[in-house]
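Reading through the structure tokens given below for one structure.
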Amino acid sequence: MSNMIIGSAIENMPWEDRPKGCTDVVWRSSKNPIITRDAIKNSNSIFNSAVVPYKGEFRGVFRSDDTCRVQKLYCGRSSDGINWEIKPNPIKFISDNDEINNFVFGYDPRVCFIEDRYYVTWCNGYHGPTIGVAYTFDFDKFYQLENAFLPCNRNGVMFPKRINGNFAMLSRPSDNGHTNFGDIFYSESPDMTFWGRHRHVMSPDSAWDWVKIGAGPIPIETREGWLLFYHGVLETCQGLNYSMGAAILDADKPWKVKYRAKPYLLAPRTQYECVGDVPNVVFPCAALCDAPTGRIAIYYGAADTVVAMAYTQVDELVEFIKTHQEFCYD
Ligand code: BMA
């Protein structure tokens with residue numbers, strides 16, 4: 001049992017115990033990859049995708065690049081969080097605003113339940129990448145709102161409740177290409193249309209994330225603050241290498257970092273992470289958490305080709321972050 005997560009139980013939480021002999025604080029599912037690249041017709045790849053609990057089941061918004069290599073968002077359902085039925089046609093966002101609804105591309109979705117609905121944020125093509133925003137009540141109809149920010153920006157990740165009375169989002173200002181810089185910022189909005197009070201959260205800090213960082217799953221509310229998983233990027237002579245790290249942000253002022261683990265938690269090592277359309281990518285976009293047990297299931301894109309899962313337990317993870325803030329292997 002655990003009282004670290006401030007949240008509810010997920011009855012059918014996907015879970016696997018840490019494999020025998022493994023001492024890592026985050027471990028991979030033995031079923032990986034849980035979604036293969038051809039799980040829907042005309043798909044080249046299905047990867048960086050977001051899932052949430054929904055009425056005793058699970059729903060997800062999936063990134064699939066089709067065989068024209070256009071990046072689009074698809075909706076899916078699952079009763080166990082592992083076996084997914086993804087609709088064959090992309091989500092058609094409802095909007096009365098043609099300027100915003102002119103969908104060029106959409107990728108790397110996150111889904112966040114706040115108050116009475118599920119908000120979807122994603123990297124939306126509008127004269128460059130920026131943060132698209134929509135909401136749904138039922139994962140059938142999706143209503144598109146204004147883009148949150150000016151281009152270029154990526155990795156828009158909402159907080160699951162208002163902060164200081166406002167909606168809150170993390171994002172990562174970028175360029176139009178394979179951005180070679182990037183810090184995480186925090187912004188607030190009273191109405192999900194106008195965003196401001198921008199604050200700097202954190203910059204690259206370690207050898208494994210020195211090029212850029214970006215928020216991953218929706219932050220998890222804990223007794224220590226907001227638990228944030230993020231991706232960090234290292235440049236090598238063979239290109240970029242994406243790993244996952246974690247930090248804990250202040251509960252009331254989430255732009256203040258309380259603790260940040262120096263080592264990565266998950267980095268490309270398995271075949272499905274190291275081989276694919278873009279080799280050496282671990283890109284987390286969602287996490288389920290079961291408050292009574294402290295179990296966390298992380299969904300991540302692997303090698304820009306498939307969806308994989310990893311597990312951790314919150315008390316152990318928080319302890320790990322607090323005790324690994326500096327180089328600790330001397
Ligand atoms: C980023 C995004 C992600 C992708 C990653 C690695 O810039 O495009 O969707 O997973 O690069 O290619």
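The values are calculated or read from the model by the stated rules, or taken from the named source; none is laboratory data. On a predicted model such as this, the values are computed, not experimentally measured, just so you know. For neighbour counting, all protein chains shown are included, and Cβ atoms are generated from backbone atoms with ideal geometry for every residue, glycine included. The area values use the complete protein model at the heavy-atom level, side chains included, leaving out ligands, DNA and RNA. Shrake-Rupley method; radii C 1.70, N 1.55, O 1.52, S 1.80 Å.
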Among the residues of the range 195-237, count how many are surrounded by fewer than 15 Cβ atoms within 10 Å (Cβ to Cβ) and either in contact with a Pro (Cβ under 7 Å, 6 or more places away or on another chain) or small (Gly, Ala, Ser) (or both). 4
Can you find even one residue in the range 237-244 that is in contact (Cβ under 8 Å) with a residue 24 or more places away in the chain, more than 13 Å from the ligand (Cβ to nearest atom) and within 19 Å of the chain's Cα centre (by Cα)? no
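Listed here are the residues, each with its yes/no results for (1) of a type in the set (D, E, K, R); (2) assigned to a strand (DSSP E or B).
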position: PHE181; (1), (2): no, no
position: GLU188; (1), (2): yes, yes
position: MET192; (1), (2): no, no
position: ARG197; (1), (2): yes, yes
position: PRO204; (1), (2): no, no
position: PRO217; (1), (2): no, no
position: PHE229; (1), (2): no, yes
position: TRP255; (1), (2): no, no
Pairs with Cβ under 6 Å, 6+ apart, first in the range 76-89 and closer than 17 Å to THR136 by Cβ, second part of a loop (DSSP other than H, G, I, E, B): GLY76/TRP84; SER78/TRP84; ILE86/ALA39; ILE86/ILE40
Candidate set: the range 67-98, residues that are among the hydroxyl-bearing types (Ser, Thr, Tyr) and away from the ligand (no atom under 16 Å from the Cβ); chosen: the one least open to solvent (accessible area, probe 1.4 Å): SER78
Does the range 99-116 contain at least one residue that is open to solvent by less than 20 Å² (accessible area, probe 1.4 Å), in a loop (DSSP other than H, G, I, E, B) and within 16 Å of the ligand (Cβ to nearest atom)? no
Which one is farthest from the ligand (Cβ to nearest atom) among residues in the range 54-66 that are under 16 Å from TYR118 (Cβ atoms) and not hydrophobic (A, V, I, L, M, F, W, C)? GLY56
Mind checking whether some residue in the range 35-47 is open to solvent by 30 Å² or more (accessible area, probe 1.4 Å), closer than 22 Å to ALA267 by Cα and among the hydroxyl-bearing types (Ser, Thr, Tyr)? yes
Where PHE139 falls short, out of the listed (1) over 17 Å from MET192 (Cβ atoms); (2) among the aromatic types (Phe, Trp, Tyr); (3) assigned to a strand (DSSP E or B): (3)
Of all the strands (runs of 3 or more DSSP E) wholly in the range 264-325, which have at least 2 residues that are among the basic types (Lys, Arg) and surrounded by fewer than 23 Cβ atoms within 10 Å (Cβ to Cβ)? none
Among the residues of the range 134-143, is there at least one that is crowded, with 22+ Cβ neighbours inside 10 Å and under 29 Å from SER243 (Cβ atoms)? no
Filter result (within 12 Å of PHE185 (Cα to Cα), open to solvent by 10 Å² or more (accessible area, probe 1.4 Å) and either away from the ligand (no atom under 16 Å from the Cβ) or aliphatic (A, V, I, L, M) (or both)) within the range 150-172: none
Could you grab me the full set of residues in the range 288-323 that are over 23 Å from ALA9 (Cα atoms) and within 16 Å of the ligand (Cβ to nearest atom)? GLY301, ALA302, ALA303, ASP304, THR305, VAL306, VAL307
Residue identified as among the hydrophobic types (A, V, I, L, M, F, W, C), away from the ligand (no atom under 16 Å from the Cβ) and open to solvent by less than 70 Å² (accessible area, probe 1.4 Å) among VAL51, VAL120: VAL51
In the range 231-253, which residues are part of a loop (DSSP other than H, G, I, E, B) and within 22 Å of ASN164 (Cβ to Cβ)? ASP250, ALA251, ASP252, LYS253
